[in-house]
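Here is the structure we will look at, set down as structure tokens.
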Amino acid sequence: MRIVTIVGARPQFIKCAPLSRELRREHTEVLVHTGQHYDYGMSDVFFADLAIPEPDYNLGAGSGPQGMQTGEILARVEDVLLKEEPDLAIVFGDTNSTLAGALAAAKLHIPVAHVEAGLRSFDRTMPEEINRVVADHVADLLFCPTETAVRNLAHEGIRNGVFLVGDVMVDALAYNRGIAAERSRVLQRFGLQPGNYLVLTVHRPANTDSRENMEAILAALGDTGLPVLFPVHPRTRKMLESYGLRDRLPANVLATGPLGYLDMLEAMARAAKILTDSGGVQKEAYLLGVPCITLRDTTEWVETVQDGWNVLVGADRERIADAVRTFSPAKERSMIFGEVGASGRIVEALRILM
Ligand code: UD1
Ligand code: UDP
């Protein structure tokens with residue numbers, strides 16, 4: 001088959017790496033980068049770290065308000081789909097590139113496969129929740145990472161074309177964990193001792209766009225006294241600058257630009273705890289067996305909380321500081337994201353279209 005894969009944001013590069021490798025064994029893949037993320041540290045570094053093939057198209061859509069960014073991507077992806085006439089379009093996750101890619105293909109009657117289908121936070125104030133719901137409702141093939149995702153789709157009446165395949169991020173992590181341990185010097189670079197520091201990521205608008213939330217999170221981290229490695233997302237950097245907080249970070253918070261995937265994996269794997277509002281980072285913390293403190297009140301990855309390895313604390317200074325002190329998972333982890341091999345299982349499932 002001729003397959004157009006549409007990616008555009010950091011987590012999508014990571015998700016497409018293992019799938020692209022499997023797809024290219026039996027199909028022709030045309031890789032489309034929407035250009036939603038474009039800085040070296042948000043885009044190119046992942047193509048290098050994960051050996052992702054050079055995109056066939058970079059659409060340069062760039063940043064903008066929700067509707068404008070989605071509209072730009074929609075129009076530009078449509079042009080590519082008209083030219084390439086693929087048998088299938090694949091989209092990942094829940095970004096504006098996901099929504100625009102899925103819509104563009106569906107309107108041209110090109111079958112759509114959604115990888116990481118069925119996730120729900122049940123919080124429609126998140127742009128991602130709108131993106132997920134719409135993408136799932138126009139998709140023909142829905143590749144779910146968890147049983148919860150399959151159930152969420154069933155509740156919305158989506159039962160056909162649904163496959164429980166596990167999570168492609170398990171494949172990315174399994175493939176790269178050893179490479180990261182061998183190549184990354186991130187601990188030396190920041191003077192960190194294994195097991196004696198925290199990793200922090202924050203990029204959700206609900207946190208970044210609230211001065212109060214950002215102040216509470218940073219103050220809580222300051223209270224811990226532990227070294228905190230803080231790779232700062234560009235959205236977060238901009239907002240910290242606008243609040244005048246960028247130069248007033250607590251002394252133990254080591255802020256740096258976004259990390260490449262291998263450095264990030266190594267930094268997370270050796271951390272005492274991880275604090276985040278990222279979806280992917282919650283999952284990776286679980287897979288690496290590092291306790292996760294989530295700076296949100298909801299999560300799509302409910303199994304990580306049910307399993308006792310993730311705790312939701314919002315942006316509350318006391319709850320964050322308390323979790324850093326006391327949160328300690330008691331249970332063994334189970335295989336909530338499935339065995340390695342989700343990418344292969346997706347390619348297997350695609351045979352029904354041939
Ligand atoms: C997007 C996704 C989010 C995902 C995140 C992954 C949507 C609605 N949101 O959020 O689901 O978790 O990517 O990281 O699609 N910027 C740069 N350089 C870049 C990219 C962005 O400076 O390479 C800045 C721009 O000022 C931009 C802002 O970051 O306005 C936000 O970027 P955008 O892609 O709109 O959303 P994210 O917050 O990255
Ligand atoms: N990540 C990274 N460098 C960083 C921060 C995150 O490589 O500085 C990786 C992280 O390991 C995970 C993915 O990016 O694989 C998560 O992406 P992000 O948090 O941007 O988006 P989300 O998963 O919340 O959509």
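Does region 133-251 come out rounded, prolate or oblate by the C-alpha gyration tensor, with a ≥ b ≥ c the root eigenvalues, rounded set by a/c under 1.5 and, if not, prolate when a/b is larger than b/c and oblate if not? It comes out oblate by the Cα gyration axes. Helical content alone sets the calculated 222 nm signal of the chain at -14000 deg cm²/dmol, taking -39,500 (n - 2.57) per DSSP H segment of four or more residues and averaging over every residue. In angstrom, the C-alpha Rg and Dmax of the chain are 19.5, 58.
For V162, the amide hydrogen comes within under 5 Å of the amide hydrogens of L142, counting only partners 5 or more places away or on other chains and with H modelled in the peptide plane. Taking a straight line from the alpha carbon of K283, these lysines sit under 16 Å away, with near neighbours fewer than eight places off in the same chain left out: K15, K273.
Could you tell me how many degrees, from 0 to 90 and to the nearest 10, lie between the Cα long axis of helix 279-288 and the main elongation axis, the longest principal axis, of the Cα atoms of the chain? Helix 279-288 and the main axis of the chain meet at about 70 degrees. Within straight-line reach of K107, meaning a Cα separation under 17 Å, sit the following lysines at least 8 residues removed in sequence or on another chain: K83. From most to least packed by mean Cβ count within 10 Å, the peptides 164-170, 315-321 give 164-170, 315-321.
According to the calculation over all Cα-Cα pairs in region 103-191, the P(r) per 10 Å bin from zero is 16, 36, 23, 17, 8, 0 %. Distance from the C-alpha centroid of region 196-210 to that of region 282-305: 14 Å, rounded to the whole angstrom. Summing Lys, Arg as +1 and Asp, Glu as -1, what charge do residues with Cβ under 13 Å from the Cβ of A102 carry, A102 excluded? Around A102, the charge tally is -3.
Can you list which of the trypsin sites (Lys or Arg not before Pro) found in region 160-266 are DSSP loop residues with at most 10 other C-beta atoms within 10 Å? The qualifying sites are R185.
Centre-to-centre separation between the Cα atoms of region 337-354 and those of region 63-91: 25 Å. The residues of the chain present an accessible area of 41 Å² per residue when probed at 1.4 Å with all protein chains retained. Counting Lys and Arg as +1 and Asp and Glu as -1 over every other residue whose Cβ lies under 11 Å from the Cβ of H27, the net charge comes to 0. Here the Karplus curve 6.51 cos²θ - 1.76 cosθ + 1.60, taken at θ = phi - 60°, turns the phi angles of region 322-335 into couplings of 4, 5, 4, 6, 10, 5, 8, x, 9, 8, 5, 7, 10, 8 Hz, with x standing for Gly and Pro. Would you work out what percent of the accessible area of the chain, with all protein chains in place, is carbon or sulfur (probe 1.4 Å)? Roughly 50 percent, rounded to a whole number. Spatial offset of region 20-40 relative to region 92-163 amounts to 19 Å, using the alpha carbon center of each. Globularity index of region 30-114 is 1.05 (Cα radius of gyration / 2.2 N^0.38 Å, N = number of residues).
The values are calculated or read from the model by the stated rules, or taken from the named source; none is laboratory data. Given the structure is predicted, the values throughout are model-derived calculations rather than measurements. Please note: Cβ atoms are built from the backbone with ideal geometry, for glycine as well, and neighbour counts cover all protein chains shown. Protein only, heavy atoms only, side chains kept; ligands, DNA and RNA dropped before computing areas. Shrake-Rupley method; radii C 1.70, N 1.55, O 1.52, S 1.80 Å.
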